[in-house]
Amino acid sequence: MNTEIDVVHPDVSLWDSREEIVHGNNIGTANARLVLAYLEHIALGKRTNSFLTEHSLTWLDLNRWLSKAELYELSQVALRTGNRVRLKLAEDELLRRGVEGIDKNIYHQGEVVDTVKEYSDPLLVMLLKAENPDKYADRSKVEHQGVVLNLQVEGVR
């Protein structure tokens, strides 16, 4: 999936200095390139495991590099950014399936004969609750007036 999303990093100056920070941590040029690639990978919302597999690395390799405070801090910036990217992608998919619908093929004797637009009612409800909670939020509330007693009885667990 090719996704282009402009991402504003919470600490722009830290993120903009990532190359100098990574190269300044004496982890070697090859490792520095991998760390920079990893930071970009997770800032795009991709999974760490896929990066490790693609580069034949282990969690131990990654932890060794990120144990340095500045590199760990950079990784946290990238993770927060990646989380926002994934949330945006999920919200876009929620809109697509709940509002725009998806085309489902209709088959007859193994051949596609037509398509029908299918919408996701649960996703639409979720969207309404998120966008207008005053109107669509669940109204189950428990209100209590009075005294609450917490009793401990010896011998009873």
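The values are calculated or read from the model by the stated rules, or taken from the named source; none is laboratory data. In this text the structure is predicted, and so the values were computed from the model without any measurement. Backbone-built Cβ (ideal geometry, glycine too); neighbour counts: all protein chains shown.
Identify, by number, the condition in (1) surrounded by fewer than 10 Cβ atoms within 10 Å (Cβ to Cβ); (2) among the aliphatic types (A, V, I, L, M); (3) within 29 Å of the chain's Cα centre (by Cα) that LEU128 doesn't meet.
For LEU128, the exception is condition (1).
Go through (1) over 26 Å from VAL125 (Cα atoms); (2) at pLDDT 90 or above one by one and return the number of the condition GLY24 breaks.
(2)
Sort out which residues of segment 17-34 are touching a helix residue (DSSP H, G or I) at 6+ places or on another chain (Cβ under 7 Å), part of a helix (DSSP H, G or I) and among the β-branched types (Val, Ile, Thr), and write them in order of number. Working first, answer last.
Going residue by residue through segment 17-34, those that are touching a helix residue (DSSP H, G or I) at 6+ places or on another chain (Cβ under 7 Å) are 18-19, 21-23, 25, 27, 31-32.
Retained after the next criterion (residues that are part of a helix (DSSP H, G or I)): 18-19, 21-23, 31-32.
Within segment 17-34, ILE21, VAL22 qualify.
Can you name the residue in segment 103-118 that is in contact with a Lys or Arg (Cβ under 7 Å, 6 or more places away or on another chain) and not acidic (Asp, Glu) and, of all such residues, is nearest to TYR136 (Cα to Cα)? Can you show your working first?
Our first condition is that a residue be in contact with a Lys or Arg (Cβ under 7 Å, 6 or more places away or on another chain); within segment 103-118, this holds for 103, 115-116, 118.
Keeping just the survivors that are not acidic (Asp, Glu) gives 115-116.
Working: THR115: 32, VAL116: 28 Å.
Of everything passing the filter in segment 103-118, VAL116 is nearest to TYR136 (Cα to Cα).
Looking only at residues in segment 80-98 that are out of contact with any Ser or Thr (no Cβ under 9 Å at 6 or more places or on another chain) and aliphatic (A, V, I, L, M), which one is surrounded by the most Cβ atoms within 10 Å (Cβ to Cβ)?
LEU95
Counting residues that are touching a His at 6+ places or on another chain (Cβ under 9 Å), assigned by TED's automatic domain parsing to the domain that holds HIS23 and within 30 Å of GLU20 (Cα to Cα), which helices (runs of 4 or more DSSP H) fully inside segment 35-152 reach at least 3? Break it down into steps so the answer makes sense when it comes.
Numbers: elements: 48-54, 59-66, 69-95, 121-131, 133-136.
So the answer is 48-54, 69-95.
Filter segment 42-53 for residues that are without any contact (Cβ under 8 Å) to a residue 12 or more places away in the chain and not β-branched (Val, Ile, Thr); which is surrounded by the most Cβ atoms within 10 Å (Cβ to Cβ)? Working first, answer last.
Taking segment 42-53 and keeping what is without any contact (Cβ under 8 Å) to a residue 12 or more places away in the chain, we get 47, 49-50, 52-53.
In the following step, the residues that additionally are not β-branched (Val, Ile, Thr) were identified as 47, 49-50, 52.
Details: ARG47: 12, ASN49: 9, SER50: 11, LEU52: 16.
Within segment 42-53, the match that is surrounded by the most Cβ atoms within 10 Å (Cβ to Cβ) is LEU52.
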